[in-house]
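Trainee: Sending over a structure as structure tokens; questions will come in a sec.
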Amino acid sequence: MNAQLGQLWVYLQANPLGWLTATLVAYWIGVKAQRAAGGRPYVNPVAIAVVLLVALLAVTGTPYQTYFEGAQFVHFLLGPATVALAIPLYENWPAVKRSLVPMLAALLAGTVTAVASAVGIAWALGASAESLVSIAPKSVTTPVAMGIAEKLGGIPSLTAVLVILTGIIGAIIATPLLNALGLKDWRARGFAVGVAAHGLGTARAFQVNDLAGTFAGIGMALNALATAILVPVLWHW
Amino acid sequence: MIEAGILLLLCQLAGESIVRALAVPVPGPVLGAVLMCALLAIRRSVPDNLGRTSHDLLANFSLLFVPAGTGIILHATRLEAEALALIAALIGSTALTIAVASLVFVGVDRLMGGTAPQEQQP
């Protein structure tokens, strides 16, 4: 019996199926927990899923690479899902067209704030030089952020983690923060969250309001572009 | 569902190809979204199955970040050593960015005559 269980474990651990299933189950638990908490943003499904999976990997002594062989099927869908942002963008096009000037102003202010304040605070608190480079593009969607960090001599995989943490933080604080600021314009709320917290902020915005989600998607895309241009320039200067 | 999948992947593929060929600093899928938007603008409507598939994908958008997020396990040591500096920077900077970007948006919008339609407010 024990030998059979052992064999089953070897199968589950080595086969992508086991870790793919674990990823979906962990996220499902996170979603259920958020629903049970009445949709409160600080009960974040991604944070819960990550904590559960990290614990599972640690307990079973599974290397991240093995885990990713299963999880990559979920990871892959980031691409098509990003393309799918075009559909709400098209459907809300009139509102987008009317907001071009405020959007570009908010983009410029947001991009500079995101980079300067992240590096500034980390530097003031004594972070290492490598960490400073790695945290600079933290508000940008993962693949672009990793590319920026790599070009400047940071650690791309550390950047990926800082990016996701930023996304989780953004998804948690956005609603209470924007309410405290008394902002009621869904376009401004969504756009700011997309600029500050990329795809995870966008996912949260879609949860709250369709128009906010659309503007968050635009904010995410424009910030990726702006940061990719701005950070290398600022760095050398 | 199949047509929608093909359309999404084709746009992504085109986006990735153009990004690589021209070395533009945009992620391929973002350019793919621009292409998709152009296609929809030409067609002047969203096909039903594309609308449904996209809605399902976006409804579960945050799930897709879980595998990358679990990569935090690779950096446990550094995060422990610099936890205070990094976490403070992430929280402070994210809050500041959301506040600055949203306030600038609303401020500039007001300067331009305020186009926020009333019914879209919470």
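All of the numbers you see were taken from the coordinates with simple rules; none came from a lab. This is a predicted model, so every value here is computed, not measured. Using ideal geometry, Cβ is built from the backbone for each residue, glycine included, and neighbour counts are taken over all protein chains shown.
Trainee: Over the protein assembly as shown, how many pairs of lysines fall under 30 Å by alpha carbon, counting only those 8 or more apart in sequence or from different chains?
Mentor: Qualifying lysine pairs in the protein assembly as shown: 6.
Trainee: Counting partner chain Cβ atoms within 10 Å of every residue's Cβ in A:227-234, what's the average?
Mentor: Mean partner shielding for this stretch: 1.
Trainee: Residues in the stretch B:54-73 near a label at A:Lys32, defined as backbone nitrogen under 18 Å from the 7 Å Cα→Cβ point?
Mentor: The answer is B:63.
Trainee: Another question about this same structure. Dipole of chain A, Cα-centred, from +1 at each Lys and Arg C-beta and -1 at each Asp and Glu C-beta, to the nearest 20 debye?
Mentor: The dipole of chain A has a size of about 560 debye.
Trainee: Here is a follow-up. Quick check on the stretch B:1-117: what are the equivalent-ellipsoid semi-axes from the Cα gyration tensor, as sqrt(5λ), descending, whole Å?
Mentor: Semi-axes, largest first: 33, 26, 16 Å.
Trainee: Which FRET efficiency, nearest 0.05, do A:Val233 and A:Arg98 yield, Cβ-Cβ r, R0 25 Å?
Mentor: 0.25
Trainee: Next up: Express in nm, to one decimal, how much length is gained between B:Ala59 and B:Leu9 on full extension, taking 0.36 nm for each residue of separation and deducting their alpha carbon distance.
Mentor: So the chain would gain 16.2 nm between B:Ala59 and B:Leu9.
Trainee: If the viscosity is 1.002 mPa s and the temperature 20 °C, what translational diffusion coefficient in µm²/s does Stokes-Einstein give for the protein assembly as shown when Rh comes from Kirkwood over Cα pairs?
Mentor: Answer, rounded: 104 µm²/s.
Trainee: What area, in nm² and to one decimal, does the C-alpha convex hull of the stretch A:82-236 cast on average over all directions?
Mentor: About 8.8 nm², averaged over all directions.
Trainee: Right, next: With unit charges on the beta carbon (Lys/Arg positive, Asp/Glu negative), name the residue among A:Ile135, A:Val195, A:Ala122 whose Cα is farthest towards the positive pole of the charge dipole of the stretch A:82-236.
Mentor: Toward the positive end, the furthest listed residue is A:Val195.
Trainee: Right, next: Need one number: nm distance between label points at A:Leu12 and B:Arg20, each 7 Å from Cα along Cα→Cβ, rounded to one decimal.
Mentor: 3.8
Trainee: Still on this structure, I have one more. At a Förster radius of 45 Å, what calculated FRET efficiency corresponds to the Cβ-Cβ distance of B:Asn49 and A:Arg40, to the nearest 0.05?
Mentor: 0.85
Trainee: For chain A, modelled as a GNM with alpha-carbon contacts under 10 angstrom, which of A:Gly61, A:Gly170, A:Gly194 fluctuates the most?
Mentor: Taking springs between Cα atoms under 10 Å, the residue moving most is A:Gly61.
Trainee: Under the classification rounded if a/c is under 1.5, otherwise prolate if a/b is larger than b/c and oblate if not, where does the stretch A:119-174 fall, given a ≥ b ≥ c as square roots of the Cα gyration tensor eigenvalues?
Mentor: oblate
Trainee: Sort A:97-105, A:158-166 by the packing proxy (mean of other Cβ within 10 Å over each peptide's residues), most packed first.
Mentor: The peptides rank, most packed first, as A:158-166, A:97-105.
Trainee: Work through the residues other than B:Met112 whose Cβ is under 15 Å from its Cβ and net out their charges, Lys, Arg +1 and Asp, Glu -1.
Mentor: Within the 15 Å Cβ shell, the charges total +2.
Trainee: Taking just the C-alpha trace of the stretch B:1-59, give me its Rg and Dmax in Å.
Mentor: That works out to 11.9, 34 Å for Rg and Dmax.
Trainee: Compute the label zone of B:Ala76 within the stretch A:47-72: residues whose backbone N is under 13 Å from the point 7 Å along Cα-to-Cβ.
Mentor: The answer is A:51-64.
Trainee: Shifting gears a bit: Dipole size in debye (nearest 20) for chain B around its Cα centre, Lys and Arg Cβ +1, Asp and Glu Cβ -1?
Mentor: The dipole magnitude comes to about 240 debye.
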